[in-house]
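> What follows is a structure written as structure tokens; I'll ask about it next.
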Amino acid sequence: METAQDVLKRIKDATNQFRILSLNRQIEACEGLFTESPLIDVAILGQFKAGKSSFINSLIGKPILPVGVIPVTTVITRLQYGKNEKAIVTQFDGTSKDVEIHEIEGFISEAQNPANKLNVDVVDVELPSLEHYRGLRLVDTPGLGSIYKYNTATSKQWLPEVGAAIVAISADRPLSENDINLIQELMTYTPKVVLLLTKADLLTEDQQKEVVQFFKTTLKREFKREFPIFLYSTITQTELFKHWLDKFLLNLSQNRDMEFKNIVQHKIRSLARSCIGYLEIALKTSTQADYDCEQLKKLILDEKVNYELIQSELFLIARENMLQTRTLIANRLEASQRVPLIQKILSSLSNEMPTWQGNLWKLTRQYENWLMETMASEMNNISNLEHKHFFGTLKKAQLSISRSVELFRNLLDKNIEQVLGIKLEEVDWKIEVSEPPHPDVAFVRTFDFNLDLLWFLFPMFIFRGVFERQFLKKIPQVADIHLSRLAYQWEVRINKTIEDVKEQALAYVRDELSTIDALLSQVSGRTDEIRQMVDLLQRQQEMLTNTNNNIMTGEGTDGKIRDIP
């Protein structure tokens, strides 16, 4: 009997043979299951501030992960059993280093590693206290939907790796459309999806029952199936809530081999369904008697899904938003920061200058050094404080580009269904947006010419007051120049990100059009070959389904019912 790995190889051969580029990402994620350590990654996912990190800290009995009142987690963090406490930080370039457990906050928190400027790929933590969860790896993910778009991108990008999913939903904002969409997406990657209602202490016992019933009713209506729902609180009844959730995790741990096989088969079945959908396009085309390939291409790849048209549309969206970026940032800084900054610098300078000694040259050097340090600090503070308000054009561009690509995909799917009668499986695609890096700040000289070189002409006991007033007088100009430069630096970074978003969307469109074009152009005379490939994948998909059903019911190949702890 062929294994899941054999089926995956056959899917990959089919996608290579027929240039089905759209499935490359899912194939890579499935291949990783056979090449990496077969731990089951139990991902804790959900909207930002859903209490994910607090929940994990409570579960492991130690405050390992940072928590706070604002979005905190910025890097994927994985926790598993190890004989000794240790933490490993892995960078994007593949290099890694051991750090102390108490040091990991410097790598995974938004406060100490803003915008992931340290380029951390993942942080792995090993704890003896997780021995009863052997075979599992708890994964803390950045919150979805926060202002820090790279956090959402990081979590979304990691979704194909999910083994089992715990969707955390805060009791103070239960079950949104975003939660429903997340559950829908997770069902592509794992059969193990459970819901965790965090901050349950905010509700009375009757309210808890009411919310749980609402969850059950809504999920049954949306998905035609039920999901396990757990309550949790780090404030009250924690041990009771933990005991209920432990049953789910311990079952995964104690039956790791069976559960891992189940998860792998689920992922490959989903992948096989998508591959069969594309191959059926090729099969329909090959057997189409009324039209030749060129005519089919004209009907499916019509002017509405023309690449040049979409390219022009996305270019205009990106350009329109990029032209507004500088104005948005400058207006924000002018309205909220200019006056307070000038007042603060003037006040601080007035207190600082009386302590300075020496002639005009020394006085000027002290002034410039002080101003350089002060402005650098203030610009960084303003950047950290205000940058979340700079992303208006980036968010608008991402939303508009996503809509355009979604419309393209819907039109293409509609054409395929109308011409060939085939309804394709939904293909995983996401625009990944990382927050632009923070800019460095520069300093402007005090004088337009080196007046301080003539220091010997200006006795300080006579002229010091004149120059101190000059120093104070320049502060508004220096503040305006630095605020303008900060706006420009953020404009460059944000517009570069908008350009990246546009290119990601165009790459997806190119791949999808290339895939459909290849399926419509290279199938003449290959009807039997394609039909055999589709039939074989369908049989293998059914085989995986039957194997999975046997696992879930405890029935082995000998027909006997097995006890499952």
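> Is it the case that the range 555-563 has a residue that's under 30 Å from THR287 (Cβ atoms), modelled with pLDDT under 70 and outside the structural domain of TRP361 (by TED's automatic domain parsing)?
no
> The conditions are (1) over 30 Å from THR515 (Cα atoms); (2) surrounded by fewer than 20 Cβ atoms within 10 Å (Cβ to Cβ); (3) touching a residue at least 24 places away in the same chain (Cβ under 8 Å), and TYR307 fails exactly one of them. Which is it?
(1)
> A further question on this structure: In the range 361-383, is there at least one residue being more than 18 Å from ILE310 (Cβ to Cβ), part of a loop (DSSP other than H, G, I, E, B) and either basic (Lys, Arg) or modelled with pLDDT under 80 (or both)?
For the range 361-383, residues more than 18 Å from ILE310 (Cβ to Cβ), part of a loop (DSSP other than H, G, I, E, B) and either basic (Lys, Arg) or modelled with pLDDT under 80 (or both): absent.
> Additional query: Is it true that MET322 is within 30 Å of the chain's Cα centre (by Cα), assigned by TED's automatic domain parsing to the domain that holds LEU399 and crowded, with 17+ Cβ neighbours inside 10 Å?
Yes.
> Quick check on PHE241: is it among the aromatic types (Phe, Trp, Tyr) and over 26 Å from the mean Cα position of the chain (by Cα)?
The answer is yes for PHE241.
> Please return the ranges of strands (runs of 3 or more DSSP E) entirely within the range 65-165 where 3 or more residues are over 22 Å from PHE248 (Cα atoms) and at pLDDT 80 or above.
By residue number, 86-91, 96-99, 120-127.
> Considering ILE516, ILE551, which residue is in a helix (DSSP H, G or I) and at pLDDT below 70?
ILE551
> Just the residues that are among the small types (Gly, Ala, Ser) and more than 16 Å from LEU65 (Cα to Cα), please, taken from the range 81-139.
If the condition is that a residue be among the small types (Gly, Ala, Ser) and more than 16 Å from LEU65 (Cα to Cα), then GLY82, GLY94, SER96, ALA115, GLY135 are the ones that fit.
> With the condition being among the acidic types (Asp, Glu), I'd like the helices (runs of 4 or more DSSP H) fully within the range 283-358 carrying at least 3 qualifying residues.
Correct list: 307-336.
> Name every residue in the range 20-54 that is assigned to a loop (DSSP other than H, G, I, E, B), modelled with pLDDT of 80 or more and under 17 Å from the mean Cα position of the chain (by Cα), in order of residue number.
GLY46 - this is the single residue of the range 20-54 that is assigned to a loop (DSSP other than H, G, I, E, B), modelled with pLDDT of 80 or more and under 17 Å from the mean Cα position of the chain (by Cα).
> Still on this structure, I have one more. Applying the selection to the range 227-255, what residues are more than 19 Å from LEU175 (Cβ to Cβ) and outside any helix (DSSP H, G or I)?
Across the range 227-255, the qualifying residues are THR234, ILE235, THR236, GLN237, ASN255.
The values are calculated or read from the model by the stated rules, or taken from the named source; none is laboratory data. Every value quoted in this text rests on a predicted model; they were computed, and no experiment measured them. Glycine also receives a Cβ, built like all others from the backbone with ideal geometry; neighbour counts cover every protein chain displayed.
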